[in-house]
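First up is the structure itself, then whatever we jot down about it.
The values are calculated or read from the model by the stated rules, or taken from the named source; none is laboratory data. Computed from a predicted structure; not experimentally measured. No Cβ is skipped: glycine too gets one built from the backbone with ideal geometry, and neighbour counts run over all protein chains shown. All accessible areas refer to the heavy atoms of the entire protein, side chains included, with ligands and DNA or RNA removed. Shrake-Rupley method; radii C 1.70, N 1.55, O 1.52, S 1.80 Å.
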Amino acid sequence: MDAFSLKNKTILITGASSGIGRSCSVECSRSGASLILVGRNEEELIKTASQLSPDTKVAIIAEDITHSEQIEALIADRVAVLGKISGFIHCAGIEKTLPLKKHSPQLYHDIFEINVIAGFEIAKILSLKKYKDDTSSFVFISSVAGMVGEAGKAAYSASKGAVIAGARSLAMELSRGNIRVNSISPAMINTPILERMFEDIGDEASSEIIKKHPLGIGEPIDVANACIFLLSDAARWVTGTNLVIDGGYSAQ
Ligand SMILES: NC(=O)c1ccc[n+]([C@@H]2O[C@H](COP(=O)([O-])OP(=O)(O)OC[C@H]3O[C@@H](n4cnc5c(N)ncnc54)[C@H](OP(=O)(O)O)[C@@H]3O)[C@@H](O)[C@H]2O)c1
């Protein structure tokens, strides 16, 4: 039996309509999982579904997870069809690089709402016996910005630090329900979020950032492979940790 297999596991992935979440969806399907894909853009979620391994059982939830009164009912519906959930990746998130003087309370609020609160609220639902399999693994996508300082990132870094710290506490609380909880901190990964950030900060600052990655900029699959490990039984004794996937960025 392959310890890294996700066969017979149903995994819910937020942010599945783009970038890292799309890659996690494709790679989890290749490892044998059934999937619940979550994001706002239904067309892009359908595009992700079309890229999955043939015969993957898949359901879609097209919803803004920061303003959803119905998220539990929508999850309950999908669980009735696909079975109880044994994995969760919270990959939905937004990034803003702005000088501190341009930060506003609303900016902090908007970033925390999706990066932190929406993920922990879904974790609350997925930790209920009626939705969770006998064992389960939750993975929160944080960022190296939650560990090391980066100019212009006060709100974003604070949100990602909160994800790392909150995931650690969830690991303590949920272990008695056989739920493992970990975070992953990637450095720069080649996705639409990165393209937007490079537009915000300009060419010079962008090439400085690229130079700080000894192994170059990462690809979404580099994060997806780490997720597969944490979701699989190969990581059955791994909880409360933050796995850094950063091409050497934070080693300097
Ligand atoms: N790319 C990087 O360099 C990098 C580095 C470190 C960490 N990360 C983290 O990795 C995660 C994914 O980033 P990415 O690069 O893949 O970004 P991306 O391509 O922009 O994808 C972001 C995803 O979040 C979803 N999302 C945003 N707001 C939402 C909301 N209110 N409700 C539901 N879904 C929402 C988007 O879906 P819809 O548009 O369909 O709603 C989209 O699928 C983020 O948490 C990011 O902070 C990225």
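Some notes on this structure:
- Summed over the range 212-228, residues that are farther than 11 Å from ILE189 by Cα and in a loop (DSSP other than H, G, I, E, B) total 3.
- Output for the range 205-224, where each listed residue is of a type in the set (Asp, Glu) and under 23 Å from the mean Cα position of the chain (by Cα): GLU219, ASP222
- Within the range 230-245, the residues that satisfy the criterion of being in contact (Cβ under 8 Å) with a residue 12 or more places away in the chain and surrounded by fewer than 17 Cβ atoms within 10 Å (Cβ to Cβ) are ASP233, ALA234, ARG236, VAL238, GLY240.
- Tally, over the range 104-130, of residues that are within 16 Å of the ligand (Cβ to nearest atom) and open to solvent by 30 Å² or more (accessible area, probe 1.4 Å): 9
- Any hit, the range 151-160, residues being modelled with pLDDT under 95, surrounded by fewer than 22 Cβ atoms within 10 Å (Cβ to Cβ) and either assigned to a helix (DSSP H, G or I) or away from the ligand (no atom under 13 Å from the Cβ) (or both): yes
- Residue in the range 179-220 that is nearest to THR239 (Cα to Cα), counting only those that are of a type outside the set (Asp, Glu) and open to solvent by 90 Å² or more (accessible area, probe 1.4 Å): LEU215
- Set side by side, the residues ASP133, ASP77 differ, and just one is farther than 30 Å from ASP200 by Cβ, without any contact (Cβ under 8 Å) to a residue 60 or more places away in the chain, open to solvent by 20 Å² or more (accessible area, probe 1.4 Å) and away from the ligand (no atom under 12 Å from the Cβ), which is ASP77.
- Filter result for the condition that a residue is touching a Gly at 6+ places or on another chain (Cβ under 9 Å), open to solvent by 40 Å² or more (accessible area, probe 1.4 Å), basic (Lys, Arg) and more than 14 Å from the ligand (Cβ to nearest atom), over LYS96, LYS57, LYS101, LYS84: LYS57
- Residue among LEU98, LEU45, LEU126, LEU82 that is in contact with a strand residue (DSSP E or B) (Cβ under 7 Å, 6 or more places away or on another chain) and within 25 Å of ASN190 (Cβ to Cβ): LEU45
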